[in-house]
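These notes are about the structure you will find just below.
The values are calculated or read from the model by the stated rules, or taken from the named source; none is laboratory data. Computed from a prediction, not measured in an experiment: that's the story for all the values here. All Cβ positions, even for glycine, are placed from backbone atoms using ideal geometry, and neighbour counts span all protein chains on display. The area values use the complete protein model at the heavy-atom level, side chains included, leaving out ligands, DNA and RNA. Shrake-Rupley method; radii C 1.70, N 1.55, O 1.52, S 1.80 Å.
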Amino acid sequence: MDFVAVLDQVIALLRQRGRVAYRTLKRQFQLDDEALEDLKVELIKSQRLAADEDGEVLVWMGGAGTGASAPSAPVENHGQAPLAYTPSYLAEKILTSRSALEGERKQVTVLFADLKGSTELIRDLDPE
């Protein structure tokens, strides 16, 4: 299995589980130390999909450009993982253009004025 195929499978596993120990990755994919380091560089520094925790665990960060946010919860598995049925050229295109597809988040300051009865209208809405 080539490196990119291993990378795609690790991304799918990490997306599903949220956290994976490096030892687990080495055992599951028969990686040597050099291959594991290359995988870490690709996921943490290049694609910014994961973060290192204490040099022992890889933590899913939920997408490119979200290095400062908290890790997202593991995704529930509803059948096959998308990488199992998505053609590799299309998966690669989606992964490389992820930041353009996701849009961006910005921090804003909001002035709130409570009008009589307005709180009941927005009580069940998401903060975003």
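Applying 1/(1 + (r/R0)^6) with R0 = 25 Å to the Cβ-Cβ distance of residue 2 and residue 97 gives a FRET efficiency near 0.70.
Computed from label points 7 Å out along Cα-Cβ, the spacing between residue 57 and residue 105 is 2.1 nm. Counting only heavy atoms of the protein chains and using a 1.4 Å probe, residue 102 has close to 90 Å² of accessible surface. Applied to the stretch 110-125, the Karplus parametrisation 6.51 cos²θ - 1.76 cosθ + 1.60 on θ = phi - 60° returns per-residue 3J(HN,Hα) values of 10, 9, 10, 10, 8, 9, 4, x, 6, 5, 5, 5, 10, 4, 8, 7 Hz, with x for Gly and Pro. Straight-distance candidates among the lysines for linking to residue 106, with alpha-carbon spacing under 27 Å and chain neighbours fewer than 8 residues away dropped: 45, 93. A straight Cα-to-Cα reach below 18 Å connects residue 26 with the aspartates and glutamates 2, 8, 34, 37, 38, 42, 52, 53, 54, 56, residues fewer than 8 places away in its own chain not being considered.
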